[in-house]
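What follows is a short report on a single structure.
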Amino acid sequence: MASLQASCTILSSNTRSHSSSTQPLSAKPSYLFTRPRRSHHFQVSCDAKKNVETSQGKIDRRNMLLGLGGMYGAANILGNPSAYADPVQAPDFTKCGDAHDVQSGDALDAKCCPPPADKIIDYKLPPVKIMRTRPAAHRASSEQVAKYEEAIRRMRELDKTDPQDPRGFTQQANIHCAYCNGAHDQVGYNNLDLQVHNSWLFFPFHRWYLYFYERILGNLIGDPTFVLPFWNWDNPKGMTLPPIFDNSNSPLYDEKRDPNNRGSAIVDLTFSGSTDSLQLVANNLTSIYSEMVRSVSTTNDFMGKPYCAGTNPSPGGGSSENGSHTGIHWWVGTKDRTGPNKYNEDMGNFYSAGRDPVFYCHHSNVDRMWTIWRDVLETDVLKDITSADYLNAEFLFYDENKRLVRVKAGDCLDQRRLGYDYDRIDLPWLNYRPPKKATKAKVSNISDAKTAASVLPVNLKETVRVIVPKSAKGKVDEQLMLENIETDSTKFIKFDVFINDEDDKIEELDRAEYAGSFAQVPHKSKNKKGTANISLRLTSLYEEIDVSEDDTVVVTIVPRSNGEDVTIGGIKIVPVPARSS
C-alpha cells in the first residue's frame, strides 16, 4: 500500500514575466549494499494538458490527476488554466542579486552571486567505475582525514589565488547563500524568491550540491576515489561534534560555532533543555524515529511539500528537514546576538552555513537519512515522488572542471548512480518507538485546555493546550494537521507537539504522548514571513496512549524557541489519505 502525493497549485496573484502499520521491519541485512530497487510510484503533476519527457521516461499527465484530489480535483484543474504549473527552472545567474541580512533586510557585506559563465552544459552522469563508500566521521581513517584536510586546504587556497574560481571555498559556500537567502528569483517570476529549503527540492538540491563539492575536492588532490565523511548524529557514538572538526589547527575548523557545544557536549536535536546526557540521547533517538517513521503519513510528509514555478517559496519542509537537519544547524551555529557573530553564523543561518566545513559532513548524513528512508525502511508510504514537476526541477552548479552545468532532480534519486554509497552503521533509533502508557490519561486533569474555536489563531508565546475532535472512534488511522503556521523567517523557530500529556514532562520526548516537532533555520524572505503546514501521523500514538473510544484529544504545543514569532491558524485531526498500491 502507498499513500497519495500532493502536487502544486499556482497562485493567481503571480504573473509570469515571459512565456499499513507504521512500525517498520528491521533494516535489511544488506543495508545500503545489495538492496533491490523498489517500485513505489504514483504519478501526479500540475499540468494535465501534455505528456512530459523526463529522465524516467514519458509521463502522461492525465494519469497523475488522482494526486490532485480525484476526479473533482481533475475537473477543477482542467477548467482553470491559471492552475497549470511547471517545474522550477535553474536560476539565471546574470540576474543574481544581493542576498539579504536576516536581521534588518540590508544587503550583506559579502556578495554570494556565482561567477559568470559563457555557456551552460546539460550534465551527463559519468560511468561509475568505482563505487565509493562515504565513512562515518568518527570512524574515518587517518588517511581519509589527511586527504580531507588537504583537499579543504587547497580549496581555501583558491580564495587567495583566484577569488573568482568557482571551485574555491568561498564560492562553494556562496552556492548555499544564493539559493537559500533570496539572491535568485524564480525564472519568469521576478516577485518570487527561488528557495530550495522547506519543500520537495530540499533533498535533491543538497544531494547535487554535495556531489559536485565532493568531486571538486577529489580533483584538487588528484584522487577520484575521494569521499566526504558523514556526521552520524543518529547514532549515540556520533552525537558529539566530530573531533576532526574541533582542531583549531585544521582547515576543517571554524571559529564561528557555539563554544558550549564542543568536545564531549551531547547533541540536542530537540532543544528540550535537558541537562541529563542520557535523556538527551533518548530524546534524539525518539525524535529521529518520529520523523523517519512514526509521524509520517505521506510521501510529502517526509520529502516536503510540492514547489513548482510560480508558487510561493517554502510551502513546507519534510519531517527530516524540519527535525534533525534543523536541530544540528542551530546546535552548531553561534548564538551571540550582540557581538561580531550576531547573525547566528555560520551553521546557524542559511546564508553562512556553507562557510563551516562541518556543514557538508552534516548534510552528508541528511542525504544518508534519505537513502535509509527510501531504500531500507519498510513502511506503507510511497518512497518516490514521480511528478514531472519534481523530476524536472533544475539546478545549476560548477563542476570540478569549472564548467557550469545544469542538472535535474530526477537524475539523482539513486545515490549509487552518482557513484557513492554509505558505510553501514547501526540504526538504534529503529528501536525507539515509545512504550505504551501504563495508565490512560485523564483529559479532565489538563484543566487549561480550550476548544480550537476559542483560541485560533493562536500565538505560541507560551504553551498552548487545545481540545481537538477526532474524526472517528475505534482503531483509526488519523493525522494531526497544524495549518497556516506563520513565522518570522529571520528567527530560529522550534516547537514540540504532545497528545493528552497530563504529566507535562516537557524535557522528556521518549514518551508515548510525543507526536512530533517543527523547526526552522533563520533565512531571508521578501516579507520576512513564512507560512507552512505540517501533518503528524497519530496511528501509533493512539495505540500507545489508548484513546480509541475517545471523541476528543488534547493537543499540547510547547514553544522551544521564539514562540512569540509563531502563530498557528488551524488545528484539526483528519483521516490519513487513502492509499493506492
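Before moving on, here are some points about what is shown:
- Computed extension gain for Ser561 through Glu486, at 0.36 nm per residue and net of the alpha carbon distance, reaches 25.6 nm.
- For segment 464-581, the solvent-accessible area of protein heavy atoms averages 34 Å² per residue (probe radius 1.4 Å; ligands and nucleic acids excluded).
- Cα-based shape type of segment 355-416, given that a ≥ b ≥ c are square roots of the gyration tensor eigenvalues and the cut on a/c is 1.5: oblate
- Extension gain, Asn247 to Asn459, is 72.1 nm, computed as 0.36 nm per intervening residue step minus the present C-alpha separation.
- Taking only protein heavy atoms and a 1.4 Å probe, the accessible area of segment 463-581 is 45% carbon and sulfur.
- Label zone at Asp162, where the point sits 7 Å out along the Cα-to-Cβ direction: segment 372-410 residues whose backbone N lies under 19 Å: 397-405
- Solvent-accessible area of Leu509 with every protein chain in place, 1.4 Å probe, in Å² to the nearest 10: 0 Å²
- Prolate/oblate/rounded call for segment 207-310, Cα gyration tensor, a/c under 1.5 rounded: oblate
- Segment Glu378-Ala578, extension gain: residue separation times 0.36 nm, minus the distance between their alpha carbons: 70.2 nm
- For segment 267-399: accessible area per residue (Å², 1.4 Å): 16 Å²
- Taking the charge dipole of segment 508-581 about its Cα centre, with +1 at Lys and Arg Cβ atoms and -1 at Asp and Glu Cβ atoms, the residue from Ala578, Ser548, His523 reaching farthest to the positive side is His523.
- Taking 29 Å as the limit for the C-alpha separation, the pairs Lys119/Lys529; Lys160/Lys305; Lys408/Lys572; Lys95/Lys160; Lys95/Lys408 exceed it in the case of Lys119/Lys529; Lys160/Lys305; Lys408/Lys572.
- Carbon and sulfur %, accessible surface of segment 244-365 computed with the full protein complex present, 1.4 Å: 48 percent
The values are calculated or read from the model by the stated rules, or taken from the named source; none is laboratory data. Quantities reported herein were computed from a predicted structural model and do not represent experimental measurements. Every residue, glycine among them, receives a Cβ derived from its backbone with ideal geometry; neighbour counts consider all protein chains shown. Ligands, DNA and RNA are stripped out before the accessible areas are found, and what is left, the full protein with its side chains, is counted by its heavy atoms. Shrake-Rupley method; radii C 1.70, N 1.55, O 1.52, S 1.80 Å.
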